[in-house]
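A quick write-up on the structure given underneath.
Bear in mind these aren't lab numbers, they're just calculated from the coordinates by the rules spelled out. Because the structure is a prediction, the values reported are computed rather than measured. Cβ atoms come from the backbone with ideal geometry, glycine included; neighbour counts cover every protein chain shown.
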Amino acid sequence: MRKSILFTVLLMAAVLISACSDSGDYNKTPPPAQTYDITGKIDYAGKTISSAKVCLDVNNDGLANDTDCMNTTDGGYNFTSTNNPDYYPLVAYIKEETNTAVNAKIMVDNNEYDSILYAPKGKTDTISITTTLAKSLMDKDSALSLNNAETQAEEIVKKAESPATVLIVYNNALNTSSETITDISTSIRGLVNVITDKLNKETNITDNTNITVSQEEVNTANDEISKADEEHPQEPQEPENPSGEPATPLEKVTEMLAGAEIKNAENPVNLNGYIDKVYNNCVIYDEEKQMCIEYGITEIGIKPDTFGGYTNFNTEILMTRMQLLSFIGYEEEGWPSDSELDFEVAPNDREGEKNYLFHLYNRKSSPCNANGVVNGIYYKSIFDIELVNKMRQEAQVCYEEKGGNEDPSGSISNDSMKLLMTCLVEAVYNNKDNIKIEKWYWTIDTTKIEECSK
């Protein structure tokens with residue numbers, strides 16, 4: 001009976017349900033990849049950079065191997081990547097304008113560099129000697145948090161007169177060691193780790209501090225890092241939670257929405273120009289007489305090309321308030337509206353209807369009652385129909401493994417409903433890389449709607 005509970009509740013909740021009908025309408029191609037904006041500046045401790053290459057270290061090998069990189073001459077970087085910077089460190093290959101303090105050149109992939117600096121995963125605004133040390137500390141101790149790593153790195157820097165001094169010692173060690181390290185392209189993480197360890201043990205760091213590194217030390221460091229990588233893979237299964245507890249469904253979806261592509265924050269869609277039709281439905285129902293005693297406008301239809309063109313409402317329906325977000329208590333300032341009444345825009349999943357609906361969330365009053373301007377946000381989720389079945393299967397397995405069941409009457413308890421939604425969110429979160437989410441701002445003035453003035 002468990003299977004019937006899951007699919008029945010999913011149908012009742014209208015979460016992912018429309019993906020089971022009208023199969024001829026579905027787009028079989030994968031959705032566009034989600035992209036992330038990465039913006040920041042290299043802090044080279046006052047030294048001048050002639051050029052630098054900034055990338056994400058997506059292979060977790062200490063090298064600049066992301067397909068989306070940026071070359072910079074002033075140290076500033078602003079580029080997009082299809083990889084989430086919360087999961088991968090940044091790496092910057094740097095060439096100095098002058099290299100009088102550097103004893104040799106770092107050779108990587110047949111290119112010469114004066115320095116290689118890093119920033120830990122989740123740290124995108126700055127790349128410096130301090131963030132490099134912090135990243136190295138996190139490589140060795142995979143349980144170390146970003147805040148604690150930065151604090152420890154700052155303590156190392158305080159042993160010198162300035163970050164510039166630490167940078168000079170680090171660069172000299174990096175370059176001098178590269179003469180003896182057999183293949184820096186496979187040893188760079190261990191090399192930086194050994195240098196960090198030795199800087200940490202110094203009591204006073206000056207420009208003349210000499211750090212030497214052997215191949216044996218690098219090999220040992222790389223072995224330690226490999227073990228740490230196995231214990232804590234680079235891409236986490238759960239978003240980080242400061243409490244140490246497993247992430248809640250709300251935290252998971254909040255993380256997903258935080259990566260949404262913002263489409264029009266400065267120019268909200270004016271729904272007045274996209275009104276399609278109005279829906280007159282029962283607004284007052286007499287339970288005793290079991291009949292409607294008053295009909296009126298309960299919803300206003302909005303044209304299907306309102307938010308960037310029609311795609312597929314059977315996939316868009318996933319993230320709207322009337323679906324997944326309503327079950328996890330998601331809230332956002334200014335959303336779904338700044339009106340005192342709870343208005344929203346959502347896909348219309350009625351059979352044969354392909355448009356959006358502007359309505360009161362509980363549908364117990366006419367949207368015309370807004371009596372003025374309403375502003376809101378619409379989350380548009382885009383994914384392939386085949387993913388729907390995969391997520392439903394994963395949610396089913398999760399529900400059964402966690403002991404979900406129904407009572408003899410065939411109904412589902414509040415606890416089982418909570419478990420069901422937890423499993424659904426988990427399935428969605430695990431497949432988030434194949435779901436593109438867009439964030440659209442909208443506005444409407446109900447006093448200018450002809451049907452509302454009648």
*Check Ser115: other-chain or 5+ apart residues with amide H under 5 Å from its amide H, H built from backbone geometry?*
Ile94
*Quick one: compute the contact order of the range 36-231, relative version, from alpha carbon pairs under 8 angstrom and 6+ residues apart, as a percent.*
20 percent
*Take the alpha carbon atoms of the range 372-386, find their center, do the same for the range 271-308, and report the distance between the two centers in whole angstrom.*
19 Å
*Amide H within-cut-off set for Ser51, under 5 Å, with H built and near neighbours excluded*: Lys95
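State the volume of the convex hull built on the alpha-carbon positions of the range 36-231, expressed per residue in Å³ and rounded to an integer.
Working: hull volume 20.3 nm³, N = 196.
Value for the range 36-231: 104 Å³ per residue.
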*Sticking with the crude label model, points 7 Å out along Cα→Cβ, report the distance from Glu202 to Glu97 in nm, one decimal please.*
2.5 nm
*For a footprinting-style exposure proxy, rank Ser136, Ser81, Ser381, Ser214 by other Cβ within 10 Å, fewest first.*
Ser214, Ser81, Ser381, Ser136
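Expected output is a single nm value to one decimal: the length gained when fully extending between Lys303 and Asn78, i.e. 0.36 nm times separation in residues minus the C-alpha distance. What is it? Each step should come with its number before you reach the end.
On the way: separation 225, 0.36 × 225 = 81.00 nm, distance 3.60 nm.
Result: 77.4 nm gained on full extension.
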*Provide the packing ranking of 158-165, 73-80, i.e. peptides ordered by the mean count of other C-beta atoms within 10 Å per residue, highest first.*
158-165, 73-80
*Sort 123-132, 194-203 for me by packing, meaning the mean count of neighbouring Cβ atoms within 10 Å per residue, highest on top.*
123-132, 194-203
*Residue by residue, what Karplus-based ³J(HN,Hα) values in Hz, rounded to whole numbers, does the range 421-431 have, using 6.51, -1.76 and 1.60 with θ = phi - 60° and x for Gly and Pro?*
5, 4, 5, 5, 4, 4, 5, 5, 4, 5, 10
*What order, most packed first, do the peptides 423-435, 389-401 have when packing is the mean number of other Cβ atoms within 10 Å of each residue?*
423-435, 389-401
*What full-extension length gain, to one decimal in nm, is calculated for Asp229 and Asn59 as 0.36 nm per residue of separation minus the Cα-Cα distance?*
60.0 nm
*Determine Rg/Rh for the range 243-324; Rg is computed over alpha-carbon atoms and Rh is the Kirkwood hydrodynamic estimate from the same atoms.*
1.12
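Over 29 Å between Cα atoms: which of Lys95/Lys227; Lys95/Lys439; Lys123/Lys198; Lys263/Lys354 fall into that group? Don't jump to the answer; show the numbers that get you there.
Numbers: Lys95/Lys227 32 Å; Lys95/Lys439 39 Å; Lys123/Lys198 24 Å; Lys263/Lys354 22 Å.
From Lys95/Lys227; Lys95/Lys439; Lys123/Lys198; Lys263/Lys354, over 29 Å: Lys95/Lys227; Lys95/Lys439.
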*At 0.36 nm per residue, minus the direct Cα-Cα distance, what do Tyr295 and Glu450 gain on full extension? Give it in nm, one decimal, please.*
54.0 nm
*Thr151 versus Arg350, label points 7 Å from Cα toward the beta carbon: distance in nm?*
5.8 nm
_³J(HN,Hα), Karplus 6.51/-1.76/1.60, whole Hz, each residue of the range 135-150, x for Gly, Pro_ = 5, 5, 5, 6, 4, 6, 10, 5, 8, 6, 6, 4, 4, 5, 5, 5
